[in-house]
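Data block below; observations after.
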Amino acid sequence: MTDTDTARRVTIRDIADATGVAPSTVSRALSLPDRVNQATQQRIQQAARELGYVPNSQARALTSGRTRAVAVLVSDITNPFYFDVIRGTQHQLAGAGWTQLLVDTEESADAEMAALSAIAGKADGAVLTASRLSDAQIARFAERTPLVVVNRRPAGVPSVLIDTPGGVEQAVQHLVSLGHRDILYVAGPDSSWSNERRWKALVRVAKRLGVRVGRAGPHAPF
């Protein structure tokens with residue numbers, strides 16, 4: 001066997017020749033196994049393994065309408081906050097046989113919009129973490145692509161929220177227990193939904209505990 005033969009990609013026709021069935025039967029057995037009888041399906045899948053067949057994800061998406069990929073959009077990939085989020089989504093998707101497409105939107109609503117437009121047809125859905133888009137923009141994209149948002153709560157879109165108000169209250173209570181009566185809040189970007197959520201929680205708990213609060217910023221995440 002030559003190097004050229006070794007490097008050539010194994011095709012559905014190769015599997016069909018090896019098993020004595022039509023290429024269309026091979027295609028169904030690999031993408032829609034329930035539509036092929038079990039004995040034929042097993043023979044085809046065994047031949048695919050032995051020949052080293054690697055499915056073409058783009059071709060499979062055209063025939064099935066599914067890419068089995070999910071895009072995960074983060075606003076800043078260098079922010080340590082996202083490390084566990086990225087690893088968690090990667091593990092969950094891989095365990096289900098799906099692929100993660102990671103996109104860094106660099107704190108830009110325009111880049112986020114461009115990424116969501118670009119993944120149409122390349123991913124079956126998307127996870128938006130700390131999105132910089134407005135609720136209305138997220139809702140419009142959710143009409144075309146299944147979305148889950150993290151640290152946002154746009155109406156009608158599935159979301160995962162961190163208990164920011166609870167965390168802020170615990171932090172203020174701790175500072176008050178140490179005798180502090182003036183608290184400075186170093187604000188993040190104005191476009192950050194969770195930033196305003198933290199500030200509002202701080203104002204509420206400070207009023208209840210009788211402490212003074214100030215605000216500095218906005219600042220880029222650090």
Inset, instruction - Mind listing just one residue for me: the one in the range 184-202 that is free of Cβ contacts under 8 Å to residues at least 24 places away in the same chain and buried (at least 16 other Cβ atoms within 10 Å of the Cβ) and, of those, nearest to Asn151 (Cα to Cα)? - result: Asn195
Inset, instruction - Report, by residue number, each residue of the range 97-128 that is among the hydrophobic types (A, V, I, L, M, F, W, C), surrounded by fewer than 18 Cβ atoms within 10 Å (Cβ to Cβ) and closer than 18 Å to Pro189 by Cβ. - result: Ala109, Ala111, Met113
Inset, instruction - Please work out which residue is surrounded by the most Cβ atoms within 10 Å (Cβ to Cβ), limiting yourself to the range 17-35 and to residues that are small (Gly, Ala, Ser) and at pLDDT 90 or above. - result: Ala18
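Listed here are the residues, each with its yes/no results for (1) surrounded by fewer than 17 Cβ atoms within 10 Å (Cβ to Cβ); (2) farther than 21 Å from Ser75 by Cβ.
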site: Ala130; (1), (2): no, no
site: Asp135; (1), (2): yes, no
site: Ile162; (1), (2): yes, no
site: Arg204; (1), (2): yes, yes
Inset, instruction - Just give me the residues in the range 14-32 being in a helix (DSSP H, G or I) and without any contact (Cβ under 8 Å) to a residue 12 or more places away in the chain, in sequence order. - result: Ala16, Asp17, Pro23, Ser24, Arg28
Inset, instruction - Could you figure out which of (1) outside any loop (DSSP other than H, G, I, E, B); (2) closer than 28 Å to Val72 by Cα isn't true of His219? - result: (1)
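The values are calculated or read from the model by the stated rules, or taken from the named source; none is laboratory data. Quantities reported herein were computed from a predicted structural model and do not represent experimental measurements. Backbone-built Cβ (ideal geometry, glycine too); neighbour counts: all protein chains shown.
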